[in-house]
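Notes follow the structure.
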Amino acid sequence: MATPPALPDQTAPDALDDAALAAWLVRSAGTMAARMRAGVTTFQEKTSISDVVTAADHAAEQLVVDTLRRLRPEGSILGGGGSNHAGTSDRTWVIDPVDGTYNFFTGGSYWCSALALKDDGGVRLGAVYHPAGDALWLGGAGLPTTRYGEPAGLLASAPLAKSCAAVYLHHTYLRDDAAGRPYLSDVLGAATYRSWGSASCELAGTSAGVFGVWFQQGLPGWDWLPGKALVEAAGGDTAVVPVNGYHWYVAGGRQQ
């Protein structure tokens, strides 16, 4: 991987609107983690060997939490690394400082820092920063999705058979026909498929038209909400679909 961008000033300016603050947070968290990666030699399992957390996750998450508690003290915070702070408003910042930690730990490039802002009306804002490409996605309600600061463009709609699908299903569920059969049916029905190992990277790519459709089973909010906001702000659609007792999270272009 190329040398990551210079780390921004560790203290965010006070006068940032929500979108500018989200952009600062994901860039700062992602860059901090990238610079720490060479020194990360151990990890902790969260749910399995493919779902891990490192010291870089914790340090980057703490940077985000400290900044939010200073600049947005009324909001709640929910973090993929374990942070859980209750605020006094209906606003919640959902953060994942390193999404794709297994890739991060093993030297892969498909990992990112992701953040969403939601309230009682739904998700309002999403931001994803991919350090390997120095790429920042930002979008939300009233804010069309941008990539590298330029419009990501509206997603084109195409049937599954003509789409590249971004997919993932842990082998624990793949062994269960109730989850494995519908998953394989849709994968085999796509023109082709990819699995990058980072839901937020894949959803950001979907918002920019890299993938025609994306789906996974049973995601936590920090893996779903940042990319959901980006896809919707780019003109796409998202849904949570129950099938055989499982909940599938789906995103892509709007079908007519």
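Taking a temperature of 20 °C and a viscosity of 1.002 mPa s, what whole-number D in µm²/s does Stokes-Einstein yield for the chain with Rh from Kirkwood over alpha carbon pairs?
117
Any chance you could give the angle, 0 to 90 degrees and rounded to 10, that helix 55-71 forms with the longest Cα principal axis of the chain?
Once rounded, the angle reads 60 degrees.
Count charges around residue 229 for me, please; just the other residues with Cβ under 15 Å from its Cβ, Lys/Arg as +1, Asp/Glu as -1.
Around residue 229, the charge tally is -3.
Within the set of other residues whose C-beta is less than 11 Å from the C-beta of residue 136, count the net charge using Lys and Arg as +1 and Asp and Glu as -1. Write down the numbers at each step before the final one.
On the way: positive: 27, 147; negative: 134, 150.
Residues near residue 136 contribute 0 overall.
Per residue, what volume in Å³ does the convex hull of the Cα atoms of segment 158-256 enclose?
Details: hull volume 8.8 nm³, N = 99.
Given the Cα convex hull of segment 158-256, per-residue volume reads 89 Å³.
If one takes the longest principal axis of the Cα atoms in the chain, at what angle in degrees, from 0 to 90 and to the nearest 10, does the Cα axis of helix 18-36 lie?
With rounding to tens, the tilt is 90 degrees.
Report the FRET efficiency, 1/(1 + (r/R0)^6), for residue 178 and residue 250, where r is their Cβ-Cβ distance and R0 is 22 Å, rounded to 0.05.
0.80
What angle, in degrees between 0 and 90 and rounded to the nearest 10, separates the Cα long axis of helix 177-189 from the longest principal axis of the Cα atoms of the chain?
80
What does the charge count near residue 217 come to, summing +1 for each Lys or Arg and -1 for each Asp or Glu among other residues with Cβ under 12 Å from its Cβ?
Neighbourhood net charge equals -3.
Every read-out reported here was derived from the displayed coordinates using simple, explicitly stated rules and does not represent laboratory data. The structure presented is a predicted model; accordingly, all values stated were derived computationally and were not measured. For neighbour counting, all protein chains shown are included, and Cβ atoms are generated from backbone atoms with ideal geometry for every residue, glycine included.
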